[in-house]
Structure formats: structure tokens, C-alpha cells
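Below is one structure; the comments refer to it alone.
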Amino acid sequence: MDFKEASLRERKIYYHEEWKEKDVPDFIVERITEREFAFDHDGNGYNDRYKGFENVDLFSDFLIKNFPYAVCTSVSYYSKPKNREDWKGAELVFDIDAKDLTVKSCDCKEGHVCEKCLSEAKEIVLKIRDAMIGDLGIKRLVLVYSGRGYHLRVVDKEVLPLERRSEILEYVTGSKRPKDLFLSHGYPAVYRKMFVMTFNKMNEKDLPFSKNIVDTLLAEKESIISKLNTYHADFLDIKGIGDKTKNEFLGHIERINASLVDGKVTVDVKRILRLPSTLHSKVSMKCVEIKNIENFDPLKQAVPKFVFERKD
């Protein structure tokens, strides 16, 4: 697919002919009066902010009349959203953008996305979702395709007032070394899964070591992963790899895993996020709520009809 920018005419077609009010997710509609809305009307940024709507009908009228370039809502709830006053809590959010992945198997140019890196972003989302639900007991987690990546939005009431969000970010990305790497459950298990996922995709360009060390690590990749998965403490006992290199190798993967999610989005409760059902005009994709992520294919379920009608 050609991820090219949507024209003004295509945006108008989308909001007049394809967009439906019923596509706005329930988690947005049920507290719509408490959210700030922000609009980018021409591709130059969200300069129309601090807007509020009393109901989804008024929001619908605004969209159809203006067919904006992009639409966002706050992750926070306010009594007075137009002034961002009387903060009432914020969703816990994770933003995984395929264009920003440090390690990926495709050859995308910087700032671009393709089917491969979108698939790899989805793999990260699944790992984080499993840790949130299985380890942290999250009950209400909304998955969203953002247009060139994924958002996880936790809307459990108990999470909304949460302050120490960076610690949860470290947990779900496996970006901090556990004291005991081989406990069968909890954070060590998350760390091992994230380590394996990242190392499995790495090649020569992803390892900042001498050629001999890189060649050795890659030649032993299958063995390292197998030993780690079967709780062998000697998984990095390899001829030619000293303790200093082992620590640097682990630290390198931890830093990569820390970058899988845009940490600034997670810790910033004043953040705005793209609204599901609206158009990501930069790449001509729909931002959509995902009901079944295992079967979700963005190139089938998030492509506006006007893309298939293009003649150039």
C-alpha cells in the first residue's frame, strides 16, 4: 500500500460518506463531556485546542462540517475540559509507533512504515497487553490502531489517579534487569519474553560490538534464546564473551526495549491522543478501535474507501 497523504477532497469524502458516529468508541462517548478535544485543520499541528462537546451529536456535526486533518482527545478527564481545570484522572496509555522501532526486519526509510514493521509493532502490543492483564490485573484495556502504530489505553477506575506510571512502563517493556532473572513468573518472565522478542530480530547493524563479538552472538542466537527460555543461568557463557560484554549486551537490549514505547506519552497525563474512528491524513489510514487484535489486519480494516478509488 502507498501510505501517501490524504487530500482535502479525500478528507471531505471520508467524513461525509464513510465516517459514522457509531464508530466513536464507547470509552470516549461515555465521558465525552470531560475530555478536551484538539484539531489539526491543515497538517500544521493541533492549533485548535481546548474544545469540548456536550454530546457526540455536536462532535459529529463539527467533524462533518470541518473534515479536519487530524483529531485528538485528552487522555485526562476534567470537570472543565475547555480550561483543563479540575483534573479527575487520566488513562494509562502506551504508544507504539512502527516508524520509531529501533530494531525491525524491514528496510523502511526513517519516518515511514510498511506491512512488516506494522506487524512487528503489533507483536509488541500483544506482549504488553498480556503483561498488563496477566501480571497487573488490568480489566479494561482498549486497543487502538493509530494509523501507523498502536495505542493501549487503560481505563480501569483504579488506574486513573495513578502517579508512578514510569515504573509500569519499565515492567511491561522489560527494560530494567530483575534481581533474579529466572523466577518462573512475574517480572522476570516478562523481562525474558521481551529480551527474546528483541534479540530474535537483531542482525549485524543492531549490535554495537566488534565484528568477532557480533558474529559470535549471532551464531549463538538460537542457543542463547533456548537456554534463556529453559532457565539456564549459563545462557551467555560463550567463548570469547567476557563479563563486561555480557553486561553491555544485556544493557543494550534493555535500552532498545525501553524505546519500544514512547515513554513521554505514558508519563504525561496532559497528553492528547488520536481519536479512534478519525482519519490519519498523513498516511491515509483510519485510527480504529480493535476488537480482536489477533485477527486484526490494518491493511484490510483501517484503509479508507477513497484509497482504493485513487487513480494515481
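For the reader, a short list of remarks on this structure follows.
- The slack between residue 291 and residue 136, meaning 0.36 nm per residue of separation minus the straight C-alpha distance, is 53.7 nm.
- Cα→Cβ-extended label distance, 7 Å offset, between residue 215 and residue 41, nm: 6.2
- Once the Cβ-Cβ distance of residue 106 and residue 66 is raised to the sixth power relative to R0 = 25 Å, the FRET efficiency obtained is 0.10.
- Contour excess over end-to-end distance, with Cα ends at residue 126 and residue 5 and 0.36 nm allotted per residue: 40.7 nm
- Loop sites in the stretch 171-265: chymotrypsin sites (Phe, Trp or Tyr not before Pro), DSSP, at most 16 other Cβ within 10 Å: 182, 209, 231
- Taking only alpha carbon atoms, the stretch 171-258 gives an Rg to Rh ratio of 0.93, where Rh is the Kirkwood radius.
- Helical runs (DSSP H, four residues minimum) scored at -39500 (n - 2.57) apiece and divided by the length of the chain put the mean residue ellipticity at 222 nm at -10500 deg cm²/dmol.
- Among residues other than residue 138 with Cβ under 10 Å from its Cβ, the summed charge is 0 (Lys and Arg +1, Asp and Glu -1).
- When Rg and Dmax are taken over the Cα atoms of the stretch 165-312, they come to 19.9, 59 Å.
- In whole percents, the pair-distance distribution calculated for the stretch 1-152 from its alpha-carbon pairs, binned every 5 Å from zero, is 2, 8, 14, 16, 19, 18, 14, 8, 2, 0.
- Label corresponding to Kirkwood radius over Cα pairs in Å when calculated from the structure given, among [x] 21.0; [y] 19.8; [z] 19.3: [x]
- Among 112-121, 90-99, 287-296, sorting by the average number of other beta carbon atoms lying within 10 angstrom of each residue, highest first, gives 90-99, 112-121, 287-296.
- The stretch 44-131: Cα Rg divided by the 2.2 N^0.38 Å rule of thumb: 1.46
- Computed packing ranks the peptides 10-18, 269-277 as 269-277, 10-18, most packed first, by mean other Cβ atoms within 10 Å.
- For the pair residue 179 and residue 86, the difference between a 0.36 nm per residue extended length and the Cα-Cα distance amounts to 29.4 nm.
- For the stretch 216-259, the Kirkwood hydrodynamic radius comes to 11.1 Å, computed from all pairs of different C-alpha atoms.
- The stretch 106-196 - convex hull of the alpha-carbon atoms, volume per residue in Å³: 122
- Here r is the Cβ-Cβ distance between residue 166 and residue 22 and R0 is 35 Å; the resulting FRET efficiency, rounded to 0.05, is 0.45.
- Cβ charges +1 (Lys, Arg) and -1 (Asp, Glu), total dipole of the chain, debye: 160
- Helix 187-201 axis, angle to the chain major axis (alpha carbon atoms, nearest 10°): 90
FYI, it's all coordinate maths here, none of it is from the lab. Computed from a predicted structure; not experimentally measured. In this analysis, Cβ positions are derived from the backbone assuming ideal geometry, glycine residues included, and neighbour counts consider all displayed protein chains.
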